[in-house]
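Input: a single structure, listed below in structure tokens.
The values are calculated or read from the model by the stated rules, or taken from the named source; none is laboratory data. Note that this is a predicted model, so its numbers are computed, not measured. We place every Cβ from the backbone using ideal geometry, glycine too, and count neighbours over all the protein chains shown. Just so you know, the surface numbers come from the protein's heavy atoms only, side chains and all, with ligands and any DNA or RNA stripped out. Shrake-Rupley method; radii C 1.70, N 1.55, O 1.52, S 1.80 Å.
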Amino acid sequence: MTNEASVLLFFIDGLGIGKRGPQNPLDGLNASPLAVFQDEEPEVFLDGIVVPTDPCLGIEGRPQSASGQTTILTGVNAPAAIGYHKQGFPNKALLEIIQQHSIFKQLQSAGVGPITFANAYTSRFFAERPRWVSATTAAVEAAGMNFRTLEDLRNDNAIFMDYSNRILIERGETVEERTEKDAATVLAKLIKVNRFTLYEYFITDKVGHAQDMPLARQVLSSLALFIRELLCHIDLRRTTVILTSDHGNIEDLSSRNHTLHAVPTIVWGAQRERVAARIKNLADITPAIVALLTKTLTVNELSTN
Ligand SMILES: [Zn+2]
């Protein structure tokens, strides 16, 4: 549809860079590109660049989801703005930041489109919209965008946060189970027709809190396979892929808390060096994406860089 530069932001909740050891489900697991460890030079699939990224943002305490995700999706240091790391769902102060600075809104104002959130929402969300919603949901709403539905998912135009669809099937929804490859094909299709695509995955954080080693290893090896399949289905001359997380958790199952570890931001694509050089902490992600997409480079210009 367009040969202008595009970005996929692949958000994984609760994935930090841990030490090797029996507490780390990634140790000894076939989980490239997610198997990144402290004090080791990472070898990343398809020349991705790993940028250990600070989720603490100068504020004491363990980094949390609401403030971390707000920071990723706005470029505003949310913990500094409210004075602490806020867990769970964004409160009023965080919602105001999102309302003003949502990445979707910034891209719209800059005339970058089409842009999309790839995740599907169930009919329950539309029927009884929850009082408190995730930072991602708020960021999409701030820009007045529509959410993808299970009907979109059935038409291969959306993917569920559990990209295998197994959770939906267990809940009684009539959808087909997807392999990692099936899900990658669908997400790659959405990326192809959009200039900015966000995908959100958060089972990693839930499994980290549950301290469930067998499940953690299963989830991480499948997620890693999904990402490898996805990267093989994307035109990396055109699309910059940025994978990141809001805080550590699953990389250390000896504790049920989030960790203080850096998170792995991994950048793939022709523009990877330029983008990676801009990223030090979670507040740098949105500005890096906006800068890249507002330059309106074509594929030809991209490949000569
Ligand atoms: Zn958590």
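Once amide H atoms are placed 1.01 Å from N in the peptide plane, what residues at a sequence separation of 5 or more from Arg148, or on another chain, have their amide H within under 5 Å of its amide H?
Close amide H contacts, sequence-distant or interchain: Tyr121.
Net charge near Glu229: determine it from the other residues with C-beta under 12 Å of the C-beta of Glu229, scoring Lys and Arg +1 and Asp and Glu -1.
+1
What list of ³J(HN,Hα) values in whole Hz, one per residue of region 185-199 in order, does the Karplus curve 6.51 cos²θ - 1.76 cosθ + 1.60 (θ = phi - 60°) give from phi, with Gly and Pro shown as x?
Taking θ as phi minus 60°, the curve returns 4, 5, 5, 4, 5, 5, 4, 5, 9, 10, 8, 9, 10, 10, 10 Hz for region 185-199.
Cβ under 14 Å from Ser164's Cβ, Ser164 left aside: what net charge do those residues give with Lys, Arg +1 and Asp, Glu -1?
Numbers: positive: Arg166, Arg171, Arg178, Lys181; negative: Asp162, Glu170, Glu173, Glu176, Glu177, Glu180, Asp182, Glu229.
Value of the local net charge: -4.
So what's the net charge close to Thr149: Lys and Arg +1, Asp and Glu -1, counting the other residues with Cβ under 12 Å from its Cβ?
In short, 0.
Compute the accessible area per residue over region 199-305, keeping the other protein chains in place, probe 1.4 Å, unit Å².
I get 37 Å² per residue for region 199-305.
Using a probe radius of 1.4 Å on heavy atoms only, what accessible surface per residue do you get for region 40-194? Whole Å² is fine.
Heavy-atom SASA per residue in region 40-194 reads 48 Å².
Rounded to the nearest 0.05, what FRET efficiency is calculated for Trp132 and Gln23 with R0 set to 41 Å and r the Cβ-Cβ distance?
0.80
Compare Ser134, Ser221, Ser123 in a GNM of the chain, Cα atoms joined below 10 Å, and give the one with the largest fluctuation.
Per the Cα network of the chain with a 10 Å cutoff, Ser123 tops the list.
Just need log10 I(q)/I(0) for region 131-281 at q = 0.12, 0.14 Å⁻¹, Debye formula, equal scatterers on the alpha-carbon atoms, no solvent, rounded to two decimals.
-0.59, -0.83
Go through Lys19/Lys192; Lys189/Lys280; Lys105/Lys189; Lys92/Lys206 and tell me which ones have a Cα-Cα distance over 32 Å in this structure.
Lys19/Lys192
With N set to the number of residues, divide the alpha-carbon radius of gyration of region 245-292 by 2.2 N^0.38 Å and report two decimals.
Numbers: Rg = 13.2 Å, N = 48, 2.2 N^0.38 = 9.6 Å.
Normalised by 2.2 N^0.38 Å, the Cα Rg of region 245-292 equals 1.38.
So, with a 1.4 angstrom probe, what is the percent of accessible area on the chain that is carbon and sulfur?
Summing carbon and sulfur atoms, their accessible area is 49 percent of the total for the chain.
Show the residues, 5+ positions off or on another chain, whose built amide H is closer than 5 Å to the amide H of Thr240.
For Thr240, whose amide H was placed from the backbone, the distant partners under 5 Å are Ser6, Val7, Leu8.
Express in nm, to one decimal, how much length is gained between Asn30 and Arg154 on full extension, taking 0.36 nm for each residue of separation and deducting their alpha carbon distance.
Gain in length upon complete extension: 41.6 nm.
Report, by chain and number, residues whose modeled amide H sits under 5 Å from the one on Val133, excluding near sequence neighbours (fewer than 5 apart, same chain).
Distant-sequence amide H within range of Val133: zero hits.
Would you kindly find the accessible area of Arg272, with a 1.4 Å probe and non-protein molecules such as ligands, DNA and RNA excluded, rounding to the nearest 10 Å²?
60
Enumerate the calculated ³J(HN,Hα) couplings along region 127-136 in order (Karplus 6.51 cos²θ - 1.76 cosθ + 1.60, θ = phi - 60°), each rounded to whole Hz, writing x wherever the residue is Gly or Pro.
6, 9, 3, x, 4, 10, 10, 5, 4, 5
Quote the Stokes-Einstein diffusion coefficient, in whole µm² s⁻¹, for the chain, based on the Kirkwood radius over alpha carbon pairs, a temperature of 37 °C and a viscosity of 0.692 mPa s.
171
Between Asp235 and Ala110, what is the label-point separation in nm under the 7 Å Cα-to-beta-carbon projection?
Going from the Ala110 label point to the Asp235 one covers 2.1 nm.
Residue by residue, what Karplus-based ³J(HN,Hα) values in Hz, rounded to whole numbers, does region 140-146 have, using 6.51, -1.76 and 1.60 with θ = phi - 60° and x for Gly and Pro?
5, 5, 4, 8, x, 8, 7
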